[in-house]
Amino acid sequence: MKRRQFIQSLTLASALGGLSSGAAYAAAKAAEARPLPVALDPGKWAPATYQRLQAVINELGAGSRGFNPHKRPYAVFDWDNTSIMNDTEEALLMYQINTLSFAMEPDRFAAAIREGVPAGNFKADYKNAEGKLVSLDAIVADLAEDYRYLWGTYAGMKGSAPLDEVKKSEQFNDFKTKLYYLYEAINDTYGPDVGYPWVLYLFAGMTVKQVMSLAEASNDLNLGDSIRKVKYTSSAARPGQAGVVSVSHTHGLRLTPEIANTMHALKAAGFDIYVSTASLEDVVRVFATLPKYGYNVAPENVLGLRLEMNGDVYQARYRKGWPLNWGPGKSEVIKRELVAKKGYGPALVFGDSDGDFDMLRDFSDTRAGILVNRLKKGNIGMLCTLGAKQMGNPDARFVLQGRDERTGQWIPDEATLKLGASEKKLLA
């Protein structure tokens, strides 16, 4: 038995030789994926949305008059809040903080949390408890001091104290709140172009395998956690230069069986499946490829954010020449990685936010854009309005899918019930 397993391992290793270390890790763990189902299950799809999706499969899939196995149609799925409920990367950030899973020495950490962030104050929404604006210099100074204490104290870093003991300290409470606060303040003040790469710099010094293992542990914990919004406040005993600040985080992740089934049904119908994410590519590969989560996407078909590497170790710099896979960058990556090789655009695109707006509407080959309805305004809100106007149209270009954010599950309706609300709404 051991010899057989060894030979199988050698065969798998040979087959994976052309993949990146992150893709190889995911492919190895996904090697025993279950057989794919064939039918598109109505599940909790809004009936008209389900019918539109089934119509596209009938039009373009295997068995249709125009199907060409050498020119397979393909679908592109956003990940966070489309293929799952809530945000993988944000859940991982909170998990990384709570487990103090960092590999940078204090000076490198202080430099990493400044990387790419303009100097000056954050927007007025992020004033401290005294009503004063908070600057990057102030929050970095406080975090650097907290981190230096934690680095020298926690046994998982350079100290000797167990994690449970360290987490009782004022330094840890201050660090936890202020680091998550910094993530939110950067994104809301400067936007995803700054904020989305920034959160990835916290992986600096870690290997691909370490980050993917951390992501898996975070997924598993958050899938078992309740969905709830929690407000955190930093240590009053350690106001530091930034003062006392507060920030909220929505805990809990949920699988979306309807998306998993759709991916499998599309593959069975001859479609290729791709994931386009504004999270780190290797982090989403864990969720999208491991059989236990049920999606079974090919590792090389996950397209997301990338960092500079030193071998298999992440660096606190965004990958030179690689587009930021958000907004216009998602369309750019699709054109560069898919259209340039296939000669045509996606037949189906699934998304939920402004980050997906461009890829949902940019390709003339796209038959339908499926919008997970989060009651958003902005650009995605305009597409949702179009979807609402086209409800029931058998040729609708945009269709809506509602969900119950209290449970993280879809509902068979285009309207959505927000967390904390008592009634469904169709539009923001």
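The values are calculated or read from the model by the stated rules, or taken from the named source; none is laboratory data. All values reported here derive from a predicted model rather than from experimental measurement. Every residue, glycine as well, gets a Cβ built from its backbone with ideal geometry; the counts of neighbours run over all protein chains shown.
Out of D395, D365, I need the residue that is touching a Phe, Trp or Tyr at 6+ places or on another chain (Cβ under 8 Å), within 25 Å of R72 (Cβ to Cβ) and assigned to a loop (DSSP other than H, G, I, E, B). Which one? Please lay out each step first, then the result.
Values: D395 fails: touching a Phe, Trp or Tyr at 6+ places or on another chain (Cβ under 8 Å).
The match here is D365.
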> Taking the stretch 141-168, which residues are in contact with a strand residue (DSSP E or B) (Cβ under 8 Å, 6 or more places away or on another chain) and part of a helix (DSSP H, G or I)?
Replying inline: T153, L163, V166
>> Tell me yes or no: at least one residue of the stretch 361-368 is in contact with a Cys (Cβ under 9 Å, 6 or more places away or on another chain), more than 24 Å from L223 (Cα to Cα), at pLDDT 95 or above and not basic (K, R).
In response: no
> Which of the residues that make up the stretch 387-428 are without any contact (Cβ under 8 Å) to a residue 24 or more places away in the chain and not assigned by TED's automatic domain parsing to the domain that holds E59?
Replying inline: L417, A421, S422, E423, K424
> Listed residues T289, T233, T277; which is touching a Pro at 6+ places or on another chain (Cβ under 9 Å), in contact (Cβ under 8 Å) with a residue 40 or more places away in the chain and not acidic (D, E)?
Replying inline: T289
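Report, by residue number, each residue of the stretch 177-219 that is basic (K, R) and buried (at least 23 other Cβ atoms within 10 Å of the Cβ).
Within the stretch 177-219, the first condition is being basic (K, R), and the residues that meet it are 178, 209.
Matches in the stretch 177-219: K178 only.
Take G355 and tell me if it is out of contact with any helix residue (DSSP H, G or I) (no Cβ under 8 Å at 6 or more places or on another chain) and either crowded, with 23+ Cβ neighbours inside 10 Å or not in a loop (DSSP other than H, G, I, E, B) (or both). Outline the logic, then answer.
On the way: out of contact with any helix residue (DSSP H, G or I) (no Cβ under 8 Å at 6 or more places or on another chain): no; either crowded, with 23+ Cβ neighbours inside 10 Å or not in a loop (DSSP other than H, G, I, E, B) (or both): yes.
Here the answer is no, as G355 does not meet what is asked.
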>> Given the options A103, A185, A110, A204, name the one that is modelled with pLDDT of 95 or more and in contact with a strand residue (DSSP E or B) (Cβ under 6 Å, 6 or more places away or on another chain).
In response: A204
> How many residues does the stretch 370-386 hold that are within 14 Å of W45 (Cβ to Cβ) and either free of Cβ contacts under 8 Å to residues at least 40 places away in the same chain or not aliphatic (A, V, I, L, M) (or both)?
Replying inline: 2
> Of the residues that make up the stretch 169-184, is at least one part of a helix (DSSP H, G or I), free of Cβ contacts under 8 Å to residues at least 60 places away in the same chain and either closer than 28 Å to T289 by Cα or in contact with a Pro (Cβ under 8 Å, 6 or more places away or on another chain) (or both)?
Replying inline: no
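Can you say whether M309 is under 25 Å from E332 (Cα atoms), hydrophobic (A, V, I, L, M, F, W, C) and buried (at least 22 other Cβ atoms within 10 Å of the Cβ), as far as the supplied structure shows?
The answer is no for M309.
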> Out of (1) of a type in the set (V, I, T); (2) within 22 Å of T250 (Cβ to Cβ); (3) outside any helix (DSSP H, G or I), what's the single condition that is false for I380?
Replying inline: (3)
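Conditions (1) assigned to a loop (DSSP other than H, G, I, E, B); (2) modelled with pLDDT of 95 or more, marked per residue:
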position: I7; (1), (2): no, no
position: L12; (1), (2): no, no
position: G17; (1), (2): yes, no
position: E32; (1), (2): yes, no
position: D41; (1), (2): yes, yes
position: K44; (1), (2): yes, yes
position: Y50; (1), (2): no, yes
position: R65; (1), (2): yes, no
position: V76; (1), (2): no, yes
>> Against the conditions (1) out of contact with any Ser or Thr (no Cβ under 7 Å at 6 or more places or on another chain); (2) farther than 18 Å from M104 by Cα; (3) not β-branched (V, I, T), where does Y154 fall short? Just the number, please.
In response: (2)
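Based on this model, can you work out whether G345 counts as modelled with pLDDT under 95 and surrounded by fewer than 23 Cβ atoms within 10 Å (Cβ to Cβ)? Let's see the steps before the verdict.
Working: modelled with pLDDT under 95: no; surrounded by fewer than 23 Cβ atoms within 10 Å (Cβ to Cβ): yes.
Taking the combined requirement at face value, the residue does not satisfy it.
Within the stretch 91-133, take every residue that is in a loop (DSSP other than H, G, I, E, B) and of a type in the set (D, E, K, R) and give me the one that is surrounded by the most Cβ atoms within 10 Å (Cβ to Cβ). If you could, list the steps in order and put the result at the bottom.
Of all residues in the stretch 91-133, those in a loop (DSSP other than H, G, I, E, B) come to 99-105, 113-120, 122-123, 127-133.
Add one more test, that the residue is of a type in the set (D, E, K, R), and what stays is 105, 114-115, 123, 127, 130, 132.
Working: E105: 14, R114: 17, E115: 15, K123: 12, K127: 15, E130: 8, K132: 12.
So, considering only residues that are in a loop (DSSP other than H, G, I, E, B) and of a type in the set (D, E, K, R), the one surrounded by the most Cβ atoms within 10 Å (Cβ to Cβ) is R114.
Taking the conditions exactly as written (under 29 Å from G343 (Cβ atoms) and basic (K, R)), does R374 satisfy them or not? Before you say what the answer is, go through the steps one by one.
Working: under 29 Å from G343 (Cβ atoms): no; basic (K, R): yes.
In short, no.
Considering every residue within the stretch 150-166, establish whether at least one is of a type in the set (G, A, S), free of Cβ contacts under 8 Å to residues at least 60 places away in the same chain and either on the phi > 0 side of the Ramachandran plot or surrounded by 18 or more Cβ atoms within 10 Å (Cβ to Cβ) (or both). Spell out how you get there, then give the answer.
We begin by selecting, within the stretch 150-166, every residue of a type in the set (G, A, S); these are 152, 155-156, 159-161.
Add one more test, that the residue is free of Cβ contacts under 8 Å to residues at least 60 places away in the same chain, and what stays is 152, 155-156, 159-161.
Now restrict to residues that are either on the phi > 0 side of the Ramachandran plot or surrounded by 18 or more Cβ atoms within 10 Å (Cβ to Cβ) (or both): none.
So far as the stretch 150-166 goes, no, none of its residues is of a type in the set (G, A, S), free of Cβ contacts under 8 Å to residues at least 60 places away in the same chain and either on the phi > 0 side of the Ramachandran plot or surrounded by 18 or more Cβ atoms within 10 Å (Cβ to Cβ) (or both).
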>> Please pick out the residue among L386, L417 that is touching a strand residue (DSSP E or B) at 6+ places or on another chain (Cβ under 7 Å) and surrounded by 18 or more Cβ atoms within 10 Å (Cβ to Cβ).
In response: L417
